1. Mean-square fluctuation check for the chain, GNM, Cα pairs under 10 Å: which of C44, C26, C210 is largest?
2. For the chain, what is the accessible area per residue in Å² when the probe is 1.4 Å?
3. Taking the Cα centre of the chain as the origin and placing charges on Cβ (Lys, Arg +1; Asp, Glu -1), which of Y159, C66, G221 is farthest toward the positive end of the dipole?
4. Among M225, M150, M172, determine the one that fluctuates most according to a GNM of the chain built with springs between C-alpha atoms less than 10 Å apart.
5. List, in order, the whole-Hz ³J(HN,Hα) value for each residue of segment 81-96 obtained from phi through the Karplus relation with A = 6.51, B = -1.76, C = 1.60 and θ = phi - 60°; use x for Gly and Pro.
6. Roughly what percent of Cα-Cα pairs across segment 155-248 reach past 21 Å?
7. Based on Cβ point charges of +1 for Lys and Arg and -1 for Asp and Glu, what charge dipole magnitude is obtained for the chain about its Cα centre, in debye rounded to the nearest 20?
8. Take the Cα pairs of segment 77-169, get the Kirkwood Rh, then feed it into Stokes-Einstein at 37 °C and 0.692 mPa s and tell me D in µm²/s.
Amino acid sequence: MHGMQATERWTEDRLAALSSALALPCPVRESFLFDPDHAFRTSCTASEISLQRAIKRVFQHAGLPCDAAVVLWKSGVGPARVERDGDCWFFEIDPTWRTNAEVLGVILAREAGRALLAQRNVPCRHDADVELAAILSGLGALLVHECAVMALAPRHVRYAFVRTAKSLGVGMRRARYVLVVKLRVTLMWLRVWPRALPFGPLPSHVIIRCFCARRLRVPTGAIGMTTCPACKRKRPFDGRACRTETRSLPTVSAVV
């Protein structure tokens, strides 16, 4: 869908409407941005088992329940086709992308965005909505690439990524840290206005990730130290919510 004639204004309007409709819990600054580090990229292509772990990590970051994921390679399904059975996810992915970690990351982020829209009963008006939903859930670093399977043009993905990060008060240094493509995002950062996007209130606890990748549950609003039950290392945390406008209920009419 690269041929879609989106504009920056259109991207802004859709992003704000989807943020209002999804009413995702307002994230905490340190854990909002998904980091597609070397270990994640390796897990996408090392084996089907490791790819399934990568799927689980992406979906859980987006706040989607994922007890298990199953992957089959199948031609003629577009980039991918996904079905759900309870909290288990079944992926059919075109084998063209089997060794391409970058495209697989895009596919996983897009499917998480699609599942998020469905979970929260938000109509998907455009294929680009799945990418914007993924960015609002913190998966933007997976999408800031030149990629044939994307609906939005790269410059509009960069705009949505920067717009969301700045609205939440996520600093440029932290945002650049999770990116492979840094320069164009930096240039975009300098001109995007940090207006608040609407998010819902945080629950009583939030999830951060340990150095060993274990998910840790810490109190919302607290600053302190926690010990990982897996690796036993102490992990400092900041559970304060990002700066944002909060709403208690989705405004589905905003995207109809």
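1. Maximum fluctuation in the GNM of the chain, among the listed residues, is at C210.
2. Values: 11880 Å² over 256 residues.
Result: 46 Å² per residue.
3. Positive-most Cα among the choices belongs to G221.
4. M225
5. 9, 10, 10, 10, 10, x, 9, 10, 10, 10, 9, 10, 10, 4, x, 3
6. Working: 2022 of 4371 pairs.
Result: 46 percent of Cα pairs exceed 21 Å.
7. Working: 37 positive and 21 negative charges, 224 e Å.
The dipole magnitude comes to about 1080 debye.
8. On the way: Rh = 13.6 Å.
Calculated translational D: 241 µm²/s.
The values are calculated or read from the model by the stated rules, or taken from the named source; none is laboratory data. Being a predicted model, the structure only gives us computed values, none of them experimental. Cβ sites come from the backbone with ideal geometry, for glycine too, and all protein chains shown count toward neighbours. For accessibility, only protein heavy atoms count, side chains too; no ligands or nucleic acids. Shrake-Rupley method; radii C 1.70, N 1.55, O 1.52, S 1.80 Å.
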